[in-house]
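Note sheet for the following structure.
Where a number appears in this text, it was derived from the coordinates with a stated rule and is not lab data. Computed from a prediction, not measured in an experiment: that's the story for all the values here. Please note: Cβ atoms are built from the backbone with ideal geometry, for glycine as well, and neighbour counts cover all protein chains shown.
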Amino acid sequence: MSNSLEQFVAEHSHLTRRFFLGLGAAGAAALAEVTASRAAEPRDPGLQQAIDKLESWLTEPAQFRDVSRGKPIPHSLPDDKKSEVGMTRDTWKLEVISDPEQPAKIRTPFTKEAGTALDFAGLMRLAEQHAVRFPKVMTCLNIGCPLGMGIWEGVPLREVLWKTQPRENLRRVFYYGYHNDVPDQRFQSSLSVDRVLEDPVGLPPVILCYKLNGEWLSPERGGPVRMVVPEGYGFKSIKWLTTVVLTNLYHANDTYANGNNDVDSTLKTFASTLNAPTRVKAGEPFAVTGYAQVGTAGLSKVQVWLRSEATDWPAEDKYFATAPWIDAEVLPPPAQWGGGLQDEAILKSTRGFDSEGRPLEWPMRLAKIHWATLLSGVPAGKYALHCRTVDANGQAQPMPRPFQKSGHAAIEEIGVVVE
Ligand SMILES: Nc1nc2c(c(=O)[nH]1)N[C@H]1C(S)=C(S)[C@@H](COP(=O)(O)O)O[C@H]1N2
Ligand SMILES: [Mo]
């Protein structure tokens, strides 16, 4: 392998800088001069063109992929039915109650019966003091790619929780939304009370969310109010929220647990391609672009590797850890955020942004980033194009959590023929 690589480098000294970097210390050192002169050059026009075609950083609310259960799906109900069942801002009511089976001791539950349920006007009064907004990618644990990237606004759940005056025996919170009043259709999620009350450094609070990208939350996205759990996969962010239950139960009781899922898993870091050719001419440079989900473990690198079909890969290295991966360019914050934001401006006091709307860290955690690279000088043959992330702890995909039921992180593979 290493011999043929050296030969390959020797024969293709016009390779791009990024291609060299994957070739190990010897290869890179031998070509240091070329590397330096290349680094100062502007982007290749083909690469720039591919970058210009990338999707926007934020997703328009209506362009999110929808993962909604129910017969009928609640957001498809006619308007008068939506009003009748509390799925409009005028009619919405949230009950916050103690679990009859494992009661938490609270002084003032919010119930429809007693006329004390929280309504939308009440939520807006809390929002005046406590509203927060933060960017987050919505990703289904069971679908490989993100459903959409948004700026979510809401009131921290703990503000409402404290209003019930909890005393003791409160260990978890579970919650569900409108489900056609059919018990079998209830889709429920849960959190430890610890997560609701306190935010680990760098994480926004769990919120009762009513806006996405500055617009009222649509019925499709779970409006009028959905839970949004910043670091969680989608199933924690319950739509059409109607009920929060405070409980002394000590373990998770999420509906998703029945699907063999790891219901405590947080967003993983992984990369995927968005645009890669399947057929290219030998010697012609080609651009590859993609996105990465920056999970709770952060992101230090995105890398690609063209694996020749002629190469036998040792079975014991099933994650290609020893492959000559090359660094792709992690793109800087975009000039335009997209997502239907008014005037393309990040709303004031959005977490993770300064007062001018510039990101405080990049790549931003719990968000998407985009990446691009130019591959050139690739000899004719059949290849598998792979991409992967290395997280901020130095762990390369699919590690440290390679199990699908804790979230997708498998290394992607795309067939590329160079002829
Ligand atoms: N009430 C309710 N909330 C729900 C769901 C649901 O079926 N019913 N689906 C969940 C799942 S599994 C995911 S991945 C996200 C998807 O959010 P989106 O449809 O806004 O993209 O919503 C979550 N919230
Ligand atoms: Mo999901």
Rounded to whole Hz and in sequence order, give me ³J(HN,Hα) for region 260-269 from the Karplus expression 6.51 cos²θ - 1.76 cosθ + 1.60, θ = phi - 60°, writing x for Gly and Pro.
6, 8, 7, 7, 9, 5, 9, 3, 8, 8
Here the gain from full extension of LYS81 to ARG107, 0.36 nm per residue of separation minus their alpha-carbon distance, amounts to 6.0 nm
Distance between Cα centroids, region 288-318 to region 177-224: provide it in whole Å.
33
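Hey, got the dipole for region 292-419? About the Cα centre, +1 on K and R Cβ, -1 on D and E Cβ, debye to the nearest 20? Show your work: numbers first, answer last.
On the way: 12 positive and 15 negative charges, 87 e Å.
The calculated dipole for region 292-419 is roughly 420 debye.
Report, in deg cm²/dmol and to the nearest 500, the calculated mean residue ellipticity at 222 nm for the chain, where each DSSP H run with n ≥ 4 adds -39500 (n - 2.57) and the sum is divided by the residue count. Mind showing how you got there, number by number?
On the way: 9 runs with 67 residues, N = 419.
Dividing the helical sum by the residues of the chain leaves -4000 deg cm²/dmol.
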Compute the distance in nm between two label points, each set 7 Å from the Cα along the Cα-to-Cβ direction, one at ASN169 and one at VAL417.
6.9
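Can you tell me the order of 65-77, 139-151, 256-268 when each peptide is scored by its average per-residue count of other Cβ atoms within 10 angstrom, highest first?
On the way: 65-77: 15.2, 139-151: 20.3, 256-268: 17.6.
Output ranking for 65-77, 139-151, 256-268: 139-151, 256-268, 65-77.
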Simple label model, 7 Å out from Cα along Cβ direction - ARG43 to LYS348, nm
3.3
To the nearest 0.05, what FRET efficiency results for ASP317 and ASP90 with a Förster distance of 45 Å applied to their C-beta separation?
0.15
Please report the spacing between the Cα centers of region 61-133 and region 367-387 in Å, no decimals.
46
Largest fluctuation, GLU316, GLU84, GLU344 only, Gaussian network model of the chain with Cα springs under 10 angstrom, belongs to GLU316
Starting from the 7 Å offset along Cα-to-Cβ, what nm value, one decimal, do you get for the label separation of LYS71 and ARG358?
5.5
